[in-house]
Structures are given as C-alpha cells and as structure tokens.
C-alpha cells in the first residue's frame with residue numbers, strides 16, 4: 001500500500017487539477033488560459049484567503065521578476081470575465097470561484113475576525129433580490145452579495 005501524500009502534495013495536485021478545469025472552461029469559450037493567466041489563477045487558488053492585486057503582484061514577482069501592475073490587472077480582468085475568480089468589492093481582493101466557468105448567483109460570508117471568506121449560492125436570496133429590484137423597475141445584470149460577520153470557528157457567544 002502506498003504511503004499517503006503529504007498535505008502540501010495533495011494541495012498542489014488539487015490546484016493543478018483546478019487549473020486544468022479552468023483551461024478546459026476557457027477553451028470551451030474559445031479563450032486561452034495563457035501561462036501568465038494560469039500563474040495568477042494558481043496564486044489565487046493556493047492562497048489561504050482573498051488576495052489584493054498588489055499582493056498577487058508581489059507573489060508573481062517571485063517567479064516573474066519583471067511583472068508590473070498592468071500585467072496582473074489584465075490577467076485578473078480575463079479571469080473575472082471568464083468566471084474563474086470573484087472580486088470582493090468590500091476587501092478589494094480576489095478569490096477563486098467555486099463554480100469554475102459558469103455564471104451563478106453568489107453570496108460571500110466574510111469573517112471580520114479571521115478574514116475567512118465562504119462562497120455560498122442561495123438561489124432563494126438571489127431571486128428575492130432580483131424580484132425586489134424588478135419591482136423598482138430595475139433590471140439587474142449581476143449581483144454579488146457580501147455579508148460581514150463572524151464565522152462559526154471565531155464566534156464566541158456572549159453570556160447566556
């Protein structure tokens with residue numbers, strides 16, 4: 001029986017598999033996940049939490065010394081357009097998309113204590129927002145809901 005892979009080896013394999021799925025999703029849309037775009041997406045996938053563009057640039061420069069801000073922003077624009085990542089407006093940071101390559105209603109739970117971000121897809125919440133907007137004569141194209149609070153791991157109930 002083979003020895004189990006160390007956690008970091010499992011993580012690298014999972015990231016590589018996700019990058020391959022992203023490349024396939026791009027190809028189905030007639031787009032190319034270039035080496036640079038793949039590198040930026042890989043950094044986001046490997047991250048423990050959301051990354052700002054400048055943090056991404058710092059990490060990218062570890063392997064691409066000449067990387068400049070426009071390099072990262074162009075890659076981020078492509079990854080956003082092809083629904084491979086999400087931008088958290090509140091944090092001005094980026095996270096990978098749980099549903100690679102498909103448009104879907106998304107809500108984010110952002111922990112104010114640990115900084116953790118959880119992506120959820122609650123269609124009832126999305127439908128309620130869409131109907132509320134339509135009652136005002138507004139025609140929503142895209143809605144991303146960001147909810148700040150405390151995650152289950154950080155929550156400390158106050159005296160009962």
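For the stretch 75-84, a residue qualifies if it is at pLDDT 95 or above and either loosely packed, with under 14 Cβ neighbours inside 10 Å or not assigned by TED's automatic domain parsing to the domain that holds residue 14 (or both), and exactly one does: 77. Residues of the stretch 134-160 that are surrounded by 10 or more Cβ atoms within 10 Å (Cβ to Cβ) and either within 21 Å of residue 88 (Cβ to Cβ) or touching a strand residue (DSSP E or B) at 6+ places or on another chain (Cβ under 6 Å) (or both): 140, 143, 144, 145, 146, 147, 148, 149, 150, 151, 154, 155. Quickly run through the stretch 21-77 and pick out the residues that are in a loop (DSSP other than H, G, I, E, B) and closer than 25 Å to residue 110 by Cα. Selection gives 47, 48, 49, 50, 52. Residues that are more than 14 Å from the chain's Cα centre (by Cα) and not assigned by TED's automatic domain parsing to the domain that holds residue 149 do not occur anywhere in the stretch 105-114. A count restricted to the stretch 86-125 and to residues that are at pLDDT 90 or above, surrounded by 18 or more Cβ atoms within 10 Å (Cβ to Cβ) and more than 18 Å from residue 54 (Cα to Cα) stands at 4.
The values are calculated or read from the model by the stated rules, or taken from the named source; none is laboratory data. Being a predicted model, the structure only gives us computed values, none of them experimental. Reconstructed Cβ throughout: ideal geometry from the backbone, glycine too, with neighbour counts over all protein chains shown.
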